[in-house]
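Asker: Structure below; questions to follow.
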Amino acid sequence: MSDASAWRIGNAPEKGIVGPVVQSMYHTSNNAEWQPTEAEGFWIKPLFEDAERGEKTILMKVDGGAWSPMHTHPGELEQIYVLQGSFYDQDKTLGPGDFCCRAPDAAHEAGSKEGAIVLLIYTRR
């Protein structure tokens, strides 16, 4: 996975809420299928995207043993909140309740030994 395009939200019915948001909008991700990404063992459920504002929120499942080599998300601030399991980068392993905020263009690897579910929030600067 070389850049943020691996996480781009498509035009499938499972794309979640597409901005701009008017009043309150709702999406039930429990009924959505996990979508594969370019990185083997990494799956997503898009929750929200407003391409004009450069914002997207994604639920990601990482299979146990899955790993992605060093990559960046060009121009995007990345926020990661671990909901289940463990998730690591080159510096630290995160568990449930742990949070990481990564600067735009910061190179990092990603993976999980036991499997994980994480909430990802991307904001384009």
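The values are calculated or read from the model by the stated rules, or taken from the named source; none is laboratory data. Please read all numbers here as calculations on a predicted model, not as lab measurements. Please note: Cβ atoms are built from the backbone with ideal geometry, for glycine as well, and neighbour counts cover all protein chains shown.
Asker: Can you name every residue in the stretch 85-114 that is more than 13 Å from His71 (Cα to Cα) and assigned to a strand (DSSP E or B)?
Answerer: Passing the criteria: Gly85, Phe87, Tyr88, Thr93, Leu94, Phe99, Cys100, Cys101.
Asker: For the stretch 108-123, state whether one or more residues are over 15 Å from the mean Cα position of the chain (by Cα) and surrounded by fewer than 17 Cβ atoms within 10 Å (Cβ to Cβ).
Answerer: Yes: the stretch 108-123 contains one or more residues that are over 15 Å from the mean Cα position of the chain (by Cα) and surrounded by fewer than 17 Cβ atoms within 10 Å (Cβ to Cβ).
Asker: Given the condition modelled with pLDDT of 95 or more, within 30 Å of Glu52 (Cβ to Cβ) and of a type in the set (Val, Ile, Thr), answer yes or no: does some residue in the stretch 81-92 qualify?
Answerer: Within the stretch 81-92, one or more residues are modelled with pLDDT of 95 or more, within 30 Å of Glu52 (Cβ to Cβ) and of a type in the set (Val, Ile, Thr).
Asker: Hey, could you check the stretch 48-68 for residues that are part of a strand (DSSP E or B) and without any contact (Cβ under 8 Å) to a residue 60 or more places away in the chain and say which is farthest from Gly97 (Cα to Cα)?
Answerer: Asp50
Asker: Turning to a different aspect of this structure: For residues that are of a type in the set (S, T, N, Q) and touching a residue at least 24 places away in the same chain (Cβ under 8 Å), scanning just the stretch 69-119, find the one that is farthest from Trp34 (Cα to Cα).
Answerer: Per the stated criteria, the residue is Thr72.
Conditions tested, residue by residue: (1) modelled with pLDDT under 90; (2) surrounded by 15 or more Cβ atoms within 10 Å (Cβ to Cβ).
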{"position": "Ala4", "(1), (2)": "yes, yes"}
{"position": "Ile9", "(1), (2)": "yes, yes"}
{"position": "Glu33", "(1), (2)": "no, no"}
{"position": "Thr37", "(1), (2)": "no, yes"}
{"position": "Glu40", "(1), (2)": "no, no"}
{"position": "Lys45", "(1), (2)": "no, yes"}
{"position": "Phe48", "(1), (2)": "no, yes"}
{"position": "Thr57", "(1), (2)": "no, yes"}
{"position": "Lys61", "(1), (2)": "no, yes"}
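Asker: Out of Glu78, Glu52, Glu109, Glu33, report the one residue that is farther than 22 Å from Arg125 by Cα and of a type outside the set (Lys, Arg).
Answerer: Only one candidate passes the filter, namely Glu33.
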